[in-house]
Amino acid sequence: MKYLALITGCVLLTGCATGYQAHTWSGGYKDKELGENNYMVEYYGNGTTSTEMLKTFWSKRASELCHNGYDVVSEDKGKTDGGIFLGGITSIDHPWLKAEIQCK
């Protein structure tokens with residue numbers, strides 16, 4: 001019975017979209033200062049985070065770092081295979097977006 005409760009809890013947790021937050025086990029933003037007014041901003045979603053939501057969260061973090069706006073210097077995006085679940089039936093991709101920005 002304990003295992004059923006544990007499995008149910010895990011399934012419920014993996015079904016939730018990543019919200020706007022600093023990076024944790026379920027996703028979120030990371031940033032690193034590269035120089036004066038120059039940052040690398042990364043945002044990681046989970047299997048239920050849409051591309052649009054990922055871009056919205058990434059933009060929010062970039063705007064928090066650069067109050068007067070920013071220019072994107074370089075950008076990279078993709079999906080990380082989150083693993084295989086339910087005995088190999090379902091594979092969940094985790095979208096991510098990384099970009100270097102220069103504050104105005």
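The values are calculated or read from the model by the stated rules, or taken from the named source; none is laboratory data. What you see is a predicted model; the values in this text were computed from it and never measured. Heads up, the Cβs are rebuilt from the backbone with ideal geometry, glycines too, and the neighbour counts pull from every protein chain shown.
Laid out as a table, the results:
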{"item": "Residues satisfying the stated conditions in the stretch 15-44, i.e. closer than 24 Å to residue 103 by Cα and in contact (Cβ under 8 Å) with a residue 40 or more places away in the chain", "result": "20, 34, 37, 38, 39, 40, 41, 42, 43, 44"}
{"item": "Criterion (at pLDDT below 95 and either among the small types (Gly, Ala, Ser) or out of contact with any Phe, Trp or Tyr (no Cβ under 6 Å at 6 or more places or on another chain) (or both)) met by exactly one of 32, 104, 79, 98", "result": "79"}
{"item": "Members of the stretch 41-71 that are in a loop (DSSP other than H, G, I, E, B) and within 15 Å of residue 93 (Cα to Cα)", "result": "45, 46, 47, 48, 49, 50"}
